[in-house]
1. So if I take the centroid of the Cα atoms in the stretch A:8-57 and the same for the stretch B:91-122, what is the distance between those two points in Å?
2. So how tilted is helix B:168-189 from the main axis of chain B? Cα-based, degrees 0 to 90, rounded to 10.
3. Taking only protein heavy atoms and a 1.4 Å probe, what accessible area per residue, in Å², does chain B have with all protein chains in place?
4. For chain A, what does the helix formula give at 222 nm: sum of -39500 (n - 2.57) over DSSP H segments with n ≥ 4, over the residue count, nearest 500 deg cm²/dmol?
5. Between the alpha-carbon centers of the stretch B:171-186 and the stretch B:49-85, tell me the distance in whole angstrom.
6. If you take the charge dipole of chain B about its Cα centre, with +1 on Lys and Arg Cβ and -1 on Asp and Glu Cβ, which of B:Leu136, B:Val46, B:Ala171 is farthest toward its positive end?
7. Report the net charge of residues surrounding B:Glu75, where surrounding means a beta-carbon distance below 12 angstrom and charges are Lys +1, Arg +1, Asp -1, Glu -1.
8. So what's the projected area for the stretch B:116-194, the Cα convex hull averaged over all directions, in nm²?
Amino acid sequence: MTKLLVNRKEPSRNEIANRQDFETVLVNVRKVKSLNSPWFYGAIAFSSLLILTFLIL
Amino acid sequence: MSANLLNLSLFGKPEDELIIIERAKKNPAHFAPLYKKYHEAIFRYVYKRVDEEESAYDITSCVFVKAIVNLPRYEYRGIPFSSWLFRIAKSELYQSFRDRKAQRTISIDSIQIGRVLEEFNIDEAEHKREILLKVLPMLKEKPLQLIEMRFFERRSFREIGEILGLTENNAKVKTFRALIKLKELYAKHNPQKS
């Protein structure tokens, strides 16, 4: 259901500027990039294979 | 941070912006001037469409994370960088509605209500305003976003087209159709049939 807000107070330019946080954005970019990295999934696949081999033997 | 050393006044021109984008593709830290430039516009776009201020800040932050991660795929093809950011903002908004992290909201003020009624050639009597406010949330998402962008945010058809991935002419036609749909809903719910 869509909500309707009439004459809602908008934050001022200063309030918005004070909430800028580029450092957090960069930290989250690094997190996303490491999750998307083939090394991440490669390492998981390799360790799963190792565990499987160990269990079979 | 080295990116902060870039003089913001340097990128008044689109080609200066492209230089920063190319630098940011190699090092995300160089994205800082673009973040500073567009943060407020993206925040306001998001804020008008969600019910909570904190959700708007969170979504805005996600928009920039997504923009930086996908920046290597960005190529300038005549569409301004800001429109590319608004497209990401639109997709992040719908993702948060699907995940129920935010509620779809229409933020409207008295001037904007008057603007729509004027488009209908209707005077601004109180009961007519109420009918409009009642029928606005009944619009489907696509016509609603066209009405929001054109009449509430006063965007040009060109900009609307760039954000929604339409041609300028197509944006104009679709906005006109959205207005007709709103007018039909208004007429249906107006007992006086003005």
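The values are calculated or read from the model by the stated rules, or taken from the named source; none is laboratory data. Quick caveat, the model's predicted, so the values are computed rather than measured. Here Cβ is always computed from backbone atoms with ideal geometry, including for glycine, and neighbour counts include all displayed protein chains. Side chains included, ligands, DNA and RNA excluded: accessible areas come from the protein's heavy atoms. Shrake-Rupley method; radii C 1.70, N 1.55, O 1.52, S 1.80 Å.
1. Using only Cα atoms to place each centre, the spacing works out to 32 Å.
2. 30 degrees
3. Ligands and nucleic acids excluded, the result is 51 Å² per residue.
4. That comes out to -22500 deg cm²/dmol.
5. So the two Cα centres are separated by 28 Å.
6. Farthest towards the positive end: B:Ala171.
7. Computed value for this residue: +2.
8. Computing the convex hull of the Cα atoms and averaging its projections yields 4.9 nm².
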